[in-house]
């Protein structure tokens, strides 16, 4: 949501802001692939119901960085070693996927961020952080199997490396 706007209080209000160009999916202009599995077109078309419900499941695929709600216990912990930009959410989402978790999109739920992310509007050290996080993620993708040895799912192929299979 643009910084000058107050956060919307309902899905209907969010959709009005979106239609007016005052809101959009997070990183919508920078990395559309990072949110593609959410299928915002499908989500937008869902009628608002009186209660929050699971609308559909979304299959995880690289480089999806879903925003999710999970219990405090029983899920892979977030790796706090990732710096501010890049591969921070994807690392945990990948591990959730490999561990067998499923992702569900809720019909009326949303999270907002004040200000739209725009190309060229990041701090100077962003590229260095992104590079360091990419190396950390590539290492993590090859090491999650020992934690979830019962899973037949794969970590993503990254930069020509073969995917890691856990069986």
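For residue 70 and residue 110 in the same chain, what is the full-extension length gain: residue separation times 0.36 nm, less their Cα-Cα distance, in nm? Walk me through the numbers on the way to the answer.
Details: separation 40, 0.36 × 40 = 14.40 nm, distance 1.48 nm.
Separation in residues times 0.36 nm, less the Cα-Cα distance, equals 12.9 nm.
How far apart, in nanometres, would the label points at residue 54 and residue 6 be if each is projected 7 angstrom from Cα along the Cα-to-Cβ direction?
For the pair residue 54/residue 6, the computed spacing is 3.5 nm.
For the range 1-107, I need the span (max minus min coordinate) of the C-alpha atoms along each principal axis, in Å, sorted largest to smallest.
37, 30, 24
List 113, 97, 73 from most exposed to least, where exposure is judged by having the fewest other Cβ atoms within 10 Å.
Lowest count first: 73, 113, 97.
With each label point set 7 Å from Cα along the Cα-Cβ vector, what nm distance links residue 42 and residue 30?
A separation of 2.6 nm, rounded to one decimal place.
Laboratory data are not the source of any read-out in this text; all were calculated from the coordinates shown. Since this is a predicted model, take the numbers as computed values, not measurements. Please note: Cβ atoms are built from the backbone with ideal geometry, for glycine as well, and neighbour counts cover all protein chains shown.
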